[in-house]
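The values are calculated or read from the model by the stated rules, or taken from the named source; none is laboratory data. Predicted model only: the values in this text are computed from it and were never measured. Ideal geometry is used to build each Cβ from the backbone, glycine not excepted, and the neighbour counts take in all protein chains shown.
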């Protein structure tokens, strides 16, 4: 009996290689872009890298860097205003998830006439062609460079919404592992574990398909083999390149499937315990390997064997050891969770849990968390 | 040291599943297509399936089926004329490589003003937006549904050129394994071996990249595990589905890398010995596994282990056995080659040989062929 029925679309052009970030002008020439705005984290303004990029890219005329870690709709509007004022015909977003997510929304919004809230709450569809966006990830983690998802926050009420829209796909992702060489070990660990979580979730989620399976396995092989080296020896160009590839391939894997239980639980962990996204994902990753392994033994044993483990619990043990070695928070006490039922309830309400191979209720999530005492 | 530098783009939307071919109208509605032409092999006109598709697809108004196995530029022109006459705003191509390749060229050409020969010989670029093309492969083999390649022949002088153009990418690939259930065993074997060759060549070619590697491995696992079952038991829905997936994933793998030695040699084998494309690829596939294995031992041993073989020569042995079991031609005598130096010289002149991990000269190709006595 046949079993698959799926759709996917991956329109983002990918250019991968060391030094690519410094050849934006080549891309602009290739596609006829004449005037661009650079959207990037303040970090790159402060360390001078944004100015360097502007200096070597003739067609980039201005910088927008007013971006909070959870980008706000008011910031999207400000970026739109700058794009309009400059009469820019393309945008470059350089950074982690925040600047890419902000730029995706701004590039789709800039030519629309309606109220941004209507688009944010999906009461209105984008009808205009977005301004072409070149995204340049600076971590090996988010995968946002190849997804149609933009996570922004409504400043008026704090609503944080992950919108997936066809118009949010970037024109081109320039993936340059050189940009990750200076990431501090903690950021290498959390973003690398986020990428690992993307690949696991693409594989085990209900929406998995055979193409994402193949990509998820390829990504996990690279991430398992290189995350500790990249963490301990940030200047190791090969490990950094493999992590950039692992993160990119994990992004391609989960772009059409979305994520599942680990990401569902990460949102309340970030919101209430203030863990950064990667550490929030890492916190329950090994727990979900065990739980989802028991729920879908054949597929998870297959994955374990593909990755060189004898059992899926051995794979979970390895993830736990890696987290420990990289100084991640491991216990409820480390994270500061004292009200387990409250946290379990918040996790149970997350819609992404519906994409987990088994739906966990509040009691099961409480049980999972209590094992992390 | 970092090692990768690559670019890729895969804009084709993919919809996979049993029965998809009969839901073209859903797609037309989704994308606002109002009037379409069906381009398909004469086979589907003769067996009534083309009429069935027309009957259940409100917006399809006419059929073009004048297609030779090596589609001619005169046929492309005729298809363009029909599209214009019908004022069609989309095209559906259903069939093997021939109808898809013809339709790709026609959809890109229909709005252009110049002489088709200028586009064919790459003296002129396509400047207009192509008409959206929905491709529906009816074999598990060609991969043409996700590549930007169209192979056509100039009737005036017999020149057969494989053109790769961004505008040749289809709008959507509808992959429906049901359509392959009635393929006769010989076609199942040759098209399946073509798909196998695509995956091998994507993996070992000079232009390989880590994303195509992952896809090639995923494709080869499916093809090795299912080709014999699909050959022996054409109604086995699971084996057919796995072969459709294997062929699609192999297509995704080689779309950005192109192919190498096996395909290079297949062209003279088809031209002078009249082997169909898949059998021509199959003829040297195991030879190239051995030759390329010796040229790049680490990568080929890795591949062999991934596929459950102890050595790359064991993998070649298995391919040979499978070919034998499926009645493929195995020797020079079977194929009718008596002038080995002539054939070797023709193979040596093929440009795709430059994408093989080692460049083989005429003597080495002669040597390879002589081992097939």
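Name the residue, out of B:306, B:366, that is under 29 Å from residue B:185 (Cα atoms) and buried (at least 18 other Cβ atoms within 10 Å of the Cβ). Let's see the steps before the verdict.
Numbers: B:366 fails: under 29 Å from residue B:185 (Cα atoms).
Just one listed residue meets the conditions, B:306.
Need the failing condition index for residue A:259 against (1) in contact (Cβ under 8 Å) with a residue 12 or more places away in the chain; (2) closer than 24 Å to residue A:18 by Cα, just the number.
Only one criterion is unmet by residue A:259, namely (2).
Kindly indicate whether residue A:294 is over 18 Å from residue A:351 (Cβ atoms), in contact with a strand residue (DSSP E or B) (Cβ under 8 Å, 6 or more places away or on another chain) and modelled with pLDDT of 95 or more.
On the way: over 18 Å from residue A:351 (Cβ atoms): yes; in contact with a strand residue (DSSP E or B) (Cβ under 8 Å, 6 or more places away or on another chain): no; modelled with pLDDT of 95 or more: yes.
Criteria not met by residue A:294.
Yes or no, residue by residue, for (1) touching a helix residue (DSSP H, G or I) at 6+ places or on another chain (Cβ under 9 Å); (2) within 16 Å of residue B:134 (Cα to Cα):
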position: B:43; (1), (2): yes, no
position: B:55; (1), (2): no, no
position: B:60; (1), (2): yes, yes
position: B:96; (1), (2): yes, yes
position: B:110; (1), (2): yes, yes
position: B:119; (1), (2): yes, no
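Would you be able to say whether some residue in region A:263-285 is within 11 Å of chain B (Cβ to nearest Cβ) and either within 18 Å of residue A:16 (Cα to Cα) or surrounded by fewer than 24 Cβ atoms within 10 Å (Cβ to Cβ) (or both)?
First, the residues of region A:263-285 that are within 11 Å of chain B (Cβ to nearest Cβ): none.
Checked region A:263-285: no residue is within 11 Å of chain B (Cβ to nearest Cβ) and either within 18 Å of residue A:16 (Cα to Cα) or surrounded by fewer than 24 Cβ atoms within 10 Å (Cβ to Cβ) (or both).
For residues that are in a helix (DSSP H, G or I) and without any contact (Cβ under 8 Å) to a residue 40 or more places away in the chain, scanning just region B:228-240, find the one that is surrounded by the fewest Cβ atoms within 10 Å (Cβ to Cβ).
Going through region B:228-240, the residues in a helix (DSSP H, G or I) turn out to be B:228-232, B:237-240.
Subsequent filtering for residues that are without any contact (Cβ under 8 Å) to a residue 40 or more places away in the chain retains B:229, B:238-239.
On the way: B:229: 16, B:238: 14, B:239: 25.
Selected residue: B:238.
Looking at B:167, B:175, B:161, which one is touching a helix residue (DSSP H, G or I) at 6+ places or on another chain (Cβ under 8 Å) and within 14 Å of chain A (Cβ to nearest Cβ)? Show your work before the answer.
Values: B:167 fails: within 14 Å of chain A (Cβ to nearest Cβ); B:161 fails: within 14 Å of chain A (Cβ to nearest Cβ).
None of the other options fit; the residue is B:175.
Among the strands (runs of 3 or more DSSP E) lying completely within region B:1-111, list those that include at least 3 residues that are away from chain A (no Cβ under 14 Å).
Numbers: elements: B:5-17, B:36-40, B:60-64, B:90-95.
Passing ranges, in order: B:36-40, B:60-64, B:90-95.
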